[in-house]
Amino acid sequence: MAAGPYSDTVMDHFTNPRNMGEIEDANGVGEVGNPSCGDVMKLYLKVNNDGVIENSTFKTFGCGAAIASSSMTTEMLKGAKVEDALKLTNQAIVDALGGLPPAKIHCSVMAEEAVEAALKDYYTKQGKDASIVDSMKAELKIDAE
């Protein structure tokens, strides 16, 4: 049964978060948020040689919606190709969670930004220009219009 403004899925991912913790040998790590305002999300990726995200974990300091958004994001990333991970939008995260209250949408935006930050770190560690992430993201927005 949903609790107040939160769906059953949000409550499930908050009370039973998936993929919480660090990946010791992560080859992509992104941290977003601001400790002074209360929400910080750190996303870890383990990408294999074929460019597929084998594992994704998180550490989040924040409200239930931030934890649920982080948890759902890691589930959505596992098995995805790096290029496809860039297609993950905050709206897709909100939809997968069964909705978020308007005042909590920023949690899903933070998750999308954490994915972008982790992918930039991944590309940098591969010896590539991290700005490729911005270019690919811009192309996706043009294609969507």
Check on SER70, assigned to a helix (DSSP H, G or I), touching a Ser or Thr at 6+ places or on another chain (Cβ under 6 Å), surrounded by 24 or more Cβ atoms within 10 Å (Cβ to Cβ) and of a type in the set (Gly, Ala, Ser): yes
SER108, sole failed condition from (1) surrounded by fewer than 24 Cβ atoms within 10 Å (Cβ to Cβ); (2) modelled with pLDDT of 95 or more: (1)
Residues satisfying the stated conditions in the range 75-102, i.e. in contact with a strand residue (DSSP E or B) (Cβ under 6 Å, 6 or more places away or on another chain), of a type in the set (A, V, I, L, M) and in a loop (DSSP other than H, G, I, E, B): ALA80
Of all residues in the range 1-35 being at pLDDT below 95 and assigned to a loop (DSSP other than H, G, I, E, B), the one that is farthest from ALA117 (Cα to Cα): MET1
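One line per residue, one yes/no per condition, for (1) more than 17 Å from the chain's Cα centre (by Cα); (2) closer than 18 Å to MET41 by Cβ; (3) part of a helix (DSSP H, G or I):
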site: LYS104; (1), (2), (3): no, yes, yes
site: CYS107; (1), (2), (3): no, yes, yes
site: MET110; (1), (2), (3): no, yes, yes
site: GLU116; (1), (2), (3): no, yes, yes
site: LEU119; (1), (2), (3): no, yes, yes
site: ASP129; (1), (2), (3): yes, no, no
site: VAL133; (1), (2), (3): no, yes, yes
site: ASP143; (1), (2), (3): yes, no, yes
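Specify the residue that is farthest from the chain's Cα centre (by Cα); the eligible residues are those in the range 1-56 that are of a type in the set (S, T, N, Q) and surrounded by 15 or more Cβ atoms within 10 Å (Cβ to Cβ).
Out of the qualifying residues, it is SER7.
Going by what's in this entry, would TYR122 be described as of a type in the set (Ser, Thr, Tyr), buried (at least 16 other Cβ atoms within 10 Å of the Cβ) and touching a Gly at 6+ places or on another chain (Cβ under 7 Å)? Walk me through how you get there before you give the answer.
Details: of a type in the set (Ser, Thr, Tyr): yes; buried (at least 16 other Cβ atoms within 10 Å of the Cβ): yes; touching a Gly at 6+ places or on another chain (Cβ under 7 Å): yes.
When the stated conditions are applied, TYR122 passes them.
The values are calculated or read from the model by the stated rules, or taken from the named source; none is laboratory data. Keep in mind it's a predicted model, so treat the numbers as computed, not measured. Cβ sites come from the backbone with ideal geometry, for glycine too, and all protein chains shown count toward neighbours.
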